[in-house]
Amino acid sequence: MDFGFSPEQEKFRQEIHEFLENDADAKGAKEEWAAGNGYGPHTWVIMKKLGARGWLTPAWPKEYGGLGLPAMYRALAMEEMDYFTGRGSRGVLCGIGMTGTVLLGHGSEEQKREYLLRISRGEIDFALGYTEPEAGSDLANLSIKAEDKGDYFLVNGQKMFNTACHYAQYHWLGARTQVVEPKYKGISLFIVDLKTPGITIIPIQALGFKTNQIFYDNVKVPKNCLVGELNRGFYYIMEALDHERTYTTSRLNGELEKLIQYAKTSGKSKDPIIRQKLAQLSTEMEIAKLFALRIPWMLDRGMRPTPEAAILKVFYAELQQRVINTAQQILSPYGQLKKDSKWAQLDGEFELEYTASLEGIITRGTCEVMRNIIALRKLGLPAR
Ligand SMILES: Cc1cc2nc3c(=O)[nH]c(=O)nc-3n(C[C@H](O)[C@H](O)[C@H](O)COP(=O)(O)OP(=O)(O)OC[C@H]3O[C@@H](n4cnc5c(N)ncnc54)[C@H](O)[C@@H]3O)c2cc1C
């Protein structure tokens, strides 16, 4: 078994590393995301710079703006982006991770030409439009309605926690097109221009993030905005979610390294309990890195990593909590202070990471739901 990267992969990673390390917009993007607002001017600029080099979508075919490389290259690019732009790398998760994945597999040629090139160049992004007040984990229960009116679909209803709606150009909308049992067989996917008349976006604040409620009031969605087949949306959503759960570990690893360095320079590393805790976290981080790289490794072999993505999500999200909680113990109450306090430690990063770690166990499927997937798909335990 070979755990190393090829010289080409190392070169690819190094090029992105050096570029991001020296780019002012990467630093600006990190600050924009740390403020919880999502894309700002720096993020748009850095996305375009990365897109121009093909680094946003290295695994896509060349004709749609990719480099035609294996999925492992996407993982390497994401690792570097995650490290330098912090939460900023999350921006690519819907457009590239969800929309791109589904359009490549099931979109019409017209849709591919219309959207994929612009996503790959970093010119546009999508807001993930799944959750509703009564449909979060139980996505099959979603009720926003898209009625076939002949020339168009008429959409009415509400979405909740659709984070990117205030900066993305398009909504990646899951809507009910048929009332049927089982419920998941009546869901379709649509691409909706967020400027369409009848759409209202209301910002809300959750776990340090600006996110949104979005209301559809008699919104006319053209027929060619239906993605793939009618009533097959749930299958596409599930397929793409395996991709969206491909976590990178570089940012969290970087945080842990900062914490270890702090323990050394502050003299706290002499405390035997702190030494034990840091050694344990470092061990778990090595496991997370292997879990994370297993996903692109499987994708490159044509395998679908459903339980593996769920295992990674649970392990990573809960490790993130353990790292942050340990950091709070080591930093003492100073760790709770924001960056702008003169008493803040390590630039207030662990205060910020604390809220991010709460968000991590909820979004992209909660850890409980991931355990259900593991029980069903890996252990073969019967569904409830
Ligand atoms: C900051 C933030 C950003 C988000 N961004 C987006 C976004 O951009 N787009 C989008 O569509 N959604 C987004 N979400 C929504 C997120 O995906 C949902 O919050 C999540 O799926 C959980 O749904 P829920 O909030 O309805 O909770 P519920 O589904 O009601 O769950 C409540 C609790 O019950 C548990 N539970 C539920 N079902 C089961 C079960 N079958 N077995 C065991 N336990 C269960 C859950 O684990 C959880 O602990 C965001 C959420 C947050 C907090």
- Task: Return a yes/no flag: does segment 230-237 have any residue that is modelled with pLDDT of 95 or more and of a type in the set (Lys, Arg).
- Result: yes
- Item | Residue count for segment 178-211, restricted to those that are among the polar types (S, T, N, Q) and buried (at least 20 other Cβ atoms within 10 Å of the Cβ) | 2
- Picking from 157, 198, which residue would you name as being within 11 Å of residue 219 (Cβ to Cβ), in contact with a Lys or Arg (Cβ under 6 Å, 6 or more places away or on another chain) and more than 12 Å from the ligand (Cβ to nearest atom)? 157
- Query: Can you pull out the residues in segment 167-187 that are over 26 Å from the mean Cα position of the chain (by Cα) and either more than 16 Å from the ligand (Cβ to nearest atom) or of a type in the set (A, V, I, L, M, F, W, C) (or both)?
  - Reply: 177, 178, 179, 180, 181
- Out of the residues in segment 316-344 that are of a type in the set (A, V, I, L, M) and either within 17 Å of residue 250 (Cα to Cα) or part of a helix (DSSP H, G or I) (or both), which is nearest to the chain's Cα centre (by Cα)? 317
- Can you name the condition, by its number, that residue 216 falls short on among (1) under 30 Å from residue 61 (Cβ atoms); (2) modelled with pLDDT of 95 or more; (3) among the hydroxyl-bearing types (Ser, Thr, Tyr); (4) not in a helix (DSSP H, G or I)? (1)
- When only residues in segment 370-381 that are within 14 Å of the ligand (Cβ to nearest atom) and of a type outside the set (Lys, Arg) count, which is nearest to residue 314 (Cα to Cα)? 370
- May I ask you to list the residues in segment 345-369 that are in contact with a helix residue (DSSP H, G or I) (Cβ under 6 Å, 6 or more places away or on another chain), near the ligand (Cβ under 9 Å from one of its atoms) and either part of a helix (DSSP H, G or I) or aliphatic (A, V, I, L, M) (or both)? 361, 367
- Of 164, 135, the only residue that is of a type in the set (A, V, I, L, M), more than 20 Å from residue 232 (Cα to Cα) and either modelled with pLDDT of 95 or more or within 16 Å of the ligand (Cβ to nearest atom) (or both) is 164
- Task: Considering only segment 217-259, state which residues are touching a residue at least 24 places away in the same chain (Cβ under 8 Å), within 20 Å of residue 354 (Cβ to Cβ) and not hydrophobic (A, V, I, L, M, F, W, C).
- Result: 247, 248, 249, 250, 251, 253, 254, 255, 258
- Task: Would you list the helices (runs of 4 or more DSSP H) that sit entirely within segment 17-128 and hold 1 or more residues that are under 16 Å from the mean Cα position of the chain (by Cα) and farther than 23 Å from residue 352 by Cβ?
- Result: 71-85, 101-106, 117-120
- Going by the conditions given, is residue 139 within 30 Å of residue 368 (Cβ to Cβ) and touching a Ser or Thr at 6+ places or on another chain (Cβ under 9 Å)? yes
- On the given criteria, is residue 206 within 16 Å of the ligand (Cβ to nearest atom) and out of contact with any Ser or Thr (no Cβ under 9 Å at 6 or more places or on another chain)? no
- Message: Can you confirm whether residue 51 is surrounded by fewer than 19 Cβ atoms within 10 Å (Cβ to Cβ), among the small types (Gly, Ala, Ser) and away from the ligand (no atom under 16 Å from the Cβ)?
- Response: no
- Query: Tell me, which residue of segment 132-142 that is assigned to a loop (DSSP other than H, G, I, E, B) and touching a Gly at 6+ places or on another chain (Cβ under 9 Å) is surrounded by the fewest Cβ atoms within 10 Å (Cβ to Cβ)?
  - Reply: 137
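The values are calculated or read from the model by the stated rules, or taken from the named source; none is laboratory data. Note that the structure is a prediction, hence the values are computed from the model and not measured. Ideal geometry is used to build each Cβ from the backbone, glycine not excepted, and the neighbour counts take in all protein chains shown.
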